[in-house]
Amino acid sequence: MKIEELLAYAKSKGFFWPSAEIYGGASGLFDYGHLGALLKRRFESLWLSYFVDSSQDYHLIEGSNMLPEKPLVASGHSTRFNDVLVGCTKCKTYYRTDVLLSERKVSVSEGASPEEMDSLIERNGIKCPKCGSALGKSKTFNMMIGVSLGPEKADKGYLRPETAQSAYLNFFQEFNTLRKTLPLGLAIIGKAYRNEISPRQGLYRMRELTQAELQIFFDPESWKPEIGELSSRKFTVVAYADKKSQQLTAAEVAKMYGIPEFYAYHMALIDRFYTETIGVPKDRFRFLEKGGDEKAFYNKVHMDIEVDIESWGGFREVGGLHYRGDYDLTSHSKGSGQELAVTVDGKKVTPNVLELSFGVDRNVWMLLDVFYKKDEDRSVLTLPKALAPYQAAIFPLQKDGKLEELTGKIYNSVRRRFKTVTDYSGSIGRRYARMDDVGTPYCVTVDFKSVEEGSPEYGTVTVRNRDDKSQSRIKAEELSSFLAKAYAAE
Ligand SMILES: [Zn+2]
């Protein structure tokens, strides 16, 4: 699918579209519609149950979206959360200089200065893509979005640029409230805000985004997560140095890349989430090692989590796994004056942080890209059942009082446990097609045999399976337990 096709599909079915669209939309802001909100929520629940509920040491918290200035000075965001932008001298359109360069296949290192980028622009004769005029001088631009807190001489604040800071700011409180042990994981699903210079590609680069992040605080000398059955799992890693792609186990990655075992273990865990729990094909998932100046300076190890997304032109980042050392707690210790080193078993330690970070919006887009299939026969969203927005649909075969009555009765018997819809319009074939199109795994049909007293099929309904179109008859009263079994978490 192309970007425009995916956007059109998402809009026509009720997944997402630009905010304030009746006013022409707003760059980098999107609204989720009735199906998109459900899909997003299901992805978040799946993420939560897989990564957070798996351990009693991990907890979900919720931090405020606005923060005062001081913590963001301490974290380095005030000075370093920058992009380099360049404006057209004539039409005044602004571009991210590094994006402009990489679109022209000019390689530019992540930490390059505005002057270095300008000389690359000059050397390659790059002009304004919109009007062809000369570009001005590049300059750094801080991407945080400022807010005023309070009236008159208001205090300066910011919309948080990442959810991670809320976890670092709450570590000390939670450590002391909980059992004063490590590891301690704090997860946040929430909004982050970035004043992107040129938001684009649908949900890829947004000004308001949702992150799902787990920050694990641990003692680097003693943390050894139990790898168990994940030890034999092979996953794809692309090395920074030679860009070579290999299928390796966690132990092999740890050895070859010289990275800690706990890090490699989490790669296997993330691989299983994508390629097994969600069902992204193995060859469309990989880790991309970041090194040199591509890597944030505070990261000891940095791998992007990537999925091959056709509408975005290939492998794109949907998350990251970052070993951040003790940078975060050390910075906030200095900034706040609060000692954040803790004592565990008589030993003083400044916890290190392993960050599992996921862009929820990008993952929602990825799901539509990977699982929407169209051939001459039909179009179907083959989402894993756990992520399907609607869990079941119930139809009467035709317009008929008796059929409609039983349909309503069955609907009422399951709707509180399962997200269910009814549909009374159009042919049964068209109704199946509408449900295939939005990924509903089961369509339940009430036909004349269902209501014909004396018929062997009296009181039964057909259940049609989305994936193989097979149909089976079950007792209407057993539908709830049928769906419970189908949706039971593994
Ligand atoms: Zn221009």
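Values computed for the structure shown
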read-out	value
Computed over the range 33-148, Kirkwood Rh from alpha-carbon pairs, angstrom	18.0
Förster radius 41 Å - calculated FRET efficiency between Lys255 and Ser102, Cβ distance, rounded to 0.05	0.80
Built amide H within the under 5 Å cut-off of Val421, gap 5+	Ala392, Ala393, Ile394
Descending principal axes extents, the range 324-434, alpha-carbon based, whole Å	74, 36, 25
Restricting the range 68-129 to trypsin sites (Lys or Arg not before Pro) in coil, as DSSP defines it, with at most 16 other Cβ within 10 Å	Lys90, Lys92, Arg104, Lys105, Lys127
Rounded if a/c under 1.5, otherwise prolate or oblate - the range 82-142, Cα gyration tensor axes	oblate
C-alpha center-to-center spacing [the range 438-468, the range 186-221] in angstrom	44
All aspartates and glutamates inside 15 Å of Lys409 as judged from Cα atoms, apart from same-chain residues fewer than 8 positions distant	Asp400, Asp423, Asp447, Glu477, Glu478
Rough spin-label spacing in nm, given labels placed 7 Å along Cα→Cβ, for Ala26 and Thr140	2.8
Antiparallel DSSP beta bridges within the range 82-142, percent to nearest 5	100
Cleavage-rule hits (GluC sites (Glu not before Pro)) in the range 25-106: DSSP loop, at most 15 neighbouring Cβ within 10 angstrom	Glu62
Estimated FRET transfer efficiency when R0 is 45 angstrom, pair Asn124-Glu152 (beta carbons, to 0.05)	0.35
Vicinal HN-Hα couplings computed from phi for the range 123-133 (Karplus, 6.51 cos²θ - 1.76 cosθ + 1.60; Hz; Gly/Pro x)	4, 9, x, 7, 10, 4, x, 7, 10, x, 7
Virtual spin-label span in nm between Lys2 and Glu226, 7 Å along Cα→Cβ	5.3
Cα gyration tensor shape for the chain, rounded if a/c is under 1.5, else prolate or oblate	prolate
Dipole axis of the chain (+1 Lys, Arg; -1 Asp, Glu on Cβ), positive-most option in Thr343, Phe287, Tyr32	Tyr32
Residue (of Tyr257, Ile188, Asn176) at the positive-pole extreme of the range 147-258, dipole from beta-carbon charges	Tyr257
The range 89-112-the range 280-307 distance, computed between alpha-carbon centres (Å)	22
Helix-derived mean residue ellipticity, 222 nm - over the chain, DSSP H n ≥ 4, -39500 (n - 2.57), to 500	-8500 deg cm²/dmol
Amide H within-cut-off set for Arg207, under 5 Å, with H built and near neighbours excluded	Leu29
Share, in percent, of DSSP beta bridges within the chain that are antiparallel, nearest 5	85
Additional length obtainable on full extension of the chain from Thr181 to Phe418, 0.36 nm per residue less Cα span	81.4 nm
Trypsin sites (Lys or Arg not before Pro) lying in DSSP loop within the range 222-265, provided at most 13 other Cβ fall within 10 Å	Lys243, Lys244
Partners for Lys244 among lysines (Cα-Cα distance below 21 Å; same-chain residues under 8 apart left out)	Lys105, Lys234, Lys255, Lys282, Lys290, Lys295, Lys300
Karplus-derived HN-Hα couplings along the range 327-343 (A = 6.51, B = -1.76, C = 1.60, θ = phi - 60°), whole Hz, x at Gly and Pro	3, 5, 6, 5, 4, 6, 5, 5, x, 9, x, 8, 4, 10, 5, 10, 10
Rg over Rh, two decimals, the range 390-486 (C-alpha only, Kirkwood Rh)	0.92
The range 369-432-the range 139-184 distance, computed between alpha-carbon centres (Å)	44
Whole-Å semi-axes of the range 193-279's equivalent ellipsoid (Cα gyration tensor)	29, 18, 15
Under 5 Å, built H, 5+ apart or other chain: amide partners of Ile309	Gly314, Phe315, Arg316
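Any read-out appearing in this document is the output of simple, stated calculations on the displayed coordinates, not a laboratory observation. None of these values were measured; they are calculated from a predicted model. Glycine gets a Cβ as well: all are built from the backbone with ideal geometry, and neighbour counts include every protein chain shown.
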